[in-house]
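A.B. asks: One structure is given below, represented as structure tokens, and several questions about it will come after.
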Amino acid sequence: MNKSPSRLKLLLAIFSLLLTILIWQRGLQQSFDRPSVSPQLALNQREIGFLAAPSLPTTIRPLLVGEDPKLELKQILQELPIDQMSNRERLLLVALEDSQDKRLALLEETFEEDELEKVRKNFLENLERRTTSKVSIGTVESLKIDPLLYRLSCLSTEGDVEICFDRRVSRINVLRLLLSQLIPLVATLLGIFLLLWQAWIFFKKSSPPWPEILALPVSTIDMVILVAGGFVVLGELITPLIALPIGEVLTQAISSPLKESIKVLVGYIAMTIPPLFILRKQITSLSENTLEGDFFQWGLSVFPKAALEAMKGWLMVMPVVLLISWLTTFFFGDPGGSNPLLEMVLSSRDFSALAILFFTTVFIAPLFEEFVFRGALLPVLLKEQGRVIAILVSALIFALAHLSVGETPPLFVLGIGLALMRLSTGRLLPCVLMHSLWNGVTFVNLLILSA
């Protein structure tokens, strides 16, 4: 009688694991077909550098924007396939391009956007019969809402440099440049210092012993059912089949991009239901005698200390994640497959849509993922498999669950950092705050680059 449930549980775990392997294999394979945000981020950085350059002191300008920001912007645009370029990017390249034949090729097709179509016709007139610069500049006046396109279009029509220069816009982009480059640089340097300091303490053997980690009295098989069965099979495969139609109904009267943001929120909340339900069933099936103590060790009573530990952990993991990301790109190139949320943040201009995405990525996602991976999974693996395997396996599952080949190596490192945070502090709250901080800084940096 007692063996039957165990066999059933084992079969369920094996079946869930096999399905998870198939789902992850297909998901990772499909991530190659998803566009990468790296080219767009690189282009945005070059745009900011070009607009900021006139307001930067000549002594530090090469350090921040390079020797020739205009040439670097042109090179980035030339790397984009023409059939994948937006109409705005075509006009930017036309304004920078020297070859008349290449200009004509970029201006060959009619643009749908009225303002951009006016500029396209203006460029064609300049190429074909060289209109006066006053007429051309008047045509691009309406483009001031797009400072880069205005400046390049103005300059390319032989406009005066002073007329084409907007000092206020340039100063704003200096601020964007400093926020997007200097803050990550300072954070990385602080992280390296903290890593070296931590290594010194470790080798001196003067670091305090790690606290005891309480684990739910369940087995690794239970964790396989929770993660593979609940998180992946039910959460990532089955739940979207139900949540997507519900999200579509709820957002029928709402226009994009707010509609997409609400659908993301609904989909993510729905995805959390199966694993949380399974975990609750696993806990309630245990006898009361085995449930003494706070197994998740939230540590809510020491929030300020948890916040400080989270900041320290974020600083320490940042240089390692950046190094792994750079090595991955250096040896394997950009595999694409960026998280679709990144593209949504980069392209959205709707405050409500961005607020919903921010709430999803900075609050809901870290809370749920840390509860599962570092609250339930890691302590059980630690109890049954040992510290090293527990850290590596939980980090690997965390990385693979995001279904992105390009993001797997850096997320694996982040997962290791979060696992070490959980083990070294003995509490779950610092992990949630560190995860939230990581997502929040990434979100804000995307906003800075896309503003």
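A.B. asks: If amide H atoms are built 1.01 Å from N in the plane of the peptide, which residues on other chains or at least 5 residues away come under 5 Å of the amide H of SER348?
C.D. replies: Long-range HN contacts for SER348: none found.
A.B. asks: Which shape class, rounded, prolate or oblate, goes with the chain when its Cα gyration tensor gives a ≥ b ≥ c as root eigenvalues, a/c under 1.5 marks rounded, and past that a/b bigger than b/c marks prolate?
C.D. replies: prolate
A.B. asks: Check VAL37: other-chain or 5+ apart residues with amide H under 5 Å from its amide H, H built from backbone geometry?
C.D. replies: HN-HN under 5 Å from VAL37: SER338.
A.B. asks: Among 401-409, 106-114, what's the highest-first ranking by average C-beta atoms within 10 angstrom per residue?
C.D. replies: Final packing ranking: 401-409, 106-114.
A.B. asks: Tell me, what is the FRET efficiency for GLN385 and ARG7 to the nearest 0.05, using R0 = 35 angstrom and their Cβ-Cβ distance as r?
C.D. replies: E between GLN385 and ARG7, to the nearest 0.05, is 0.95.
A.B. asks: Moving on to the next point. Past 27 Å, Cα to Cα: identify those pairs from LYS263/LYS305; LYS259/LYS312; LYS70/LYS121; LYS205/LYS312; LYS9/LYS383, in the order given.
C.D. replies: LYS263/LYS305; LYS259/LYS312
A.B. asks: Still on this model: What is the Cα centroid distance between region 383-431 and region 13-81, reported in whole angstrom?
C.D. replies: Distance between centres, Cα-based: 25 Å.
A.B. asks: Going by a 4.7 Å Cβ-Cβ cut-off, which cysteines of the chain have no partner at all?
C.D. replies: Cysteines lacking a close Cβ partner in the chain: CYS431.
A.B. asks: Now a separate question. What spacing in nm lies between the two simple spin-label points modelled at LEU367 and ALA42, each 7 Å away from Cα in the Cβ direction?
C.D. replies: 3.9
A.B. asks: Now, a different point. What does the charge count near GLY313 come to, summing +1 for each Lys or Arg and -1 for each Asp or Glu among other residues with Cβ under 14 Å from its Cβ?
C.D. replies: After counting each charged neighbour, the total is +3.
A.B. asks: So for TRP24, TRP314, fewest C-beta neighbours within 10 Å to most, what's the order?
C.D. replies: Going from least to most buried by this count: TRP24, TRP314.
A.B. asks: Can you tell me the FRET efficiency between GLN29 and PHE303 if r is taken as the Cβ-Cβ distance and R0 is 45 Å, rounded to the nearest 0.05?
C.D. replies: 0.60
A.B. asks: What is the pair-distance distribution P(r) of region 208-450, computed from all Cα-Cα distances in 5 Å bins starting at 0, with each bin given as a whole percent?
C.D. replies: Final binned percentages: 1, 6, 12, 17, 19, 17, 14, 8, 4, 2, 0, 0.
A.B. asks: Could I ask something else about it? First select every other residue whose beta carbon is under 14 angstrom from the beta carbon of ILE225; then total the charges, Lys and Arg +1, Asp and Glu -1.
C.D. replies: Computed value for this residue: +3.
A.B. asks: Now for a different question. Which aspartates and glutamates have a Cα lying under 17 Å from the Cα of LYS118, excluding residues fewer than 8 positions away in the same chain?
C.D. replies: Excluding near neighbours in sequence, the set is GLU89, GLU108, GLU109, GLU128, GLU141, ASP146.
A.B. asks: Whole-Hz Karplus ³J(HN,Hα) for region 303-319, in order, using 6.51 cos²θ - 1.76 cosθ + 1.60 and θ = phi - 60°, x for Gly and Pro?
C.D. replies: Residue by residue, region 303-319 yields 4, x, 5, 4, 5, 5, 5, 5, 4, 5, x, 4, 5, 6, 7, 4, x Hz.
A.B. asks: What does the charge count near GLN75 come to, summing +1 for each Lys or Arg and -1 for each Asp or Glu among other residues with Cβ under 15 Å from its Cβ?
C.D. replies: Net local charge, GLN75 excluded: -4.
A.B. asks: In deg cm²/dmol, rounded to 500, what helix-only [θ] at 222 nm does the chain give when every DSSP H run of at least 4 residues adds -39500 (n - 2.57) and the total is split over its residues?
C.D. replies: -22500 deg cm²/dmol
A.B. asks: Something else about it: In terms of the Cα gyration tensor, with a ≥ b ≥ c the square roots of its eigenvalues, is region 336-418 rounded because a/c is under 1.5, prolate because a/b exceeds b/c, or oblate?
C.D. replies: oblate
A.B. asks: Out of residues 5 or more away from LEU216 or on other chains, whose amide H comes under 5 Å of its own, with H placed 1.01 Å from N in the peptide plane?
C.D. replies: Long-range HN contacts for LEU216: VAL380.
A.B. asks: Now for a separate question. Answer rounded, prolate or oblate for region 34-110, using the Cα gyration tensor with square roots of eigenvalues a ≥ b ≥ c: rounded when a/c is under 1.5, else prolate when a/b is larger than b/c, else oblate.
C.D. replies: oblate
A.B. asks: Please name whichever of ILE269, LEU403, ALA365 sits farthest to the positive end of the charge dipole of region 208-450, dipole taken about the Cα centre and charges placed at Cβ: Lys and Arg +1, Asp and Glu -1.
C.D. replies: The residue sitting farthest along the positive end of the dipole is ALA365.
Bear in mind these aren't lab numbers, they're just calculated from the coordinates by the rules spelled out. The structure displayed is predicted, hence computed values, not measured ones. Backbone-built Cβ (ideal geometry, glycine too); neighbour counts: all protein chains shown.
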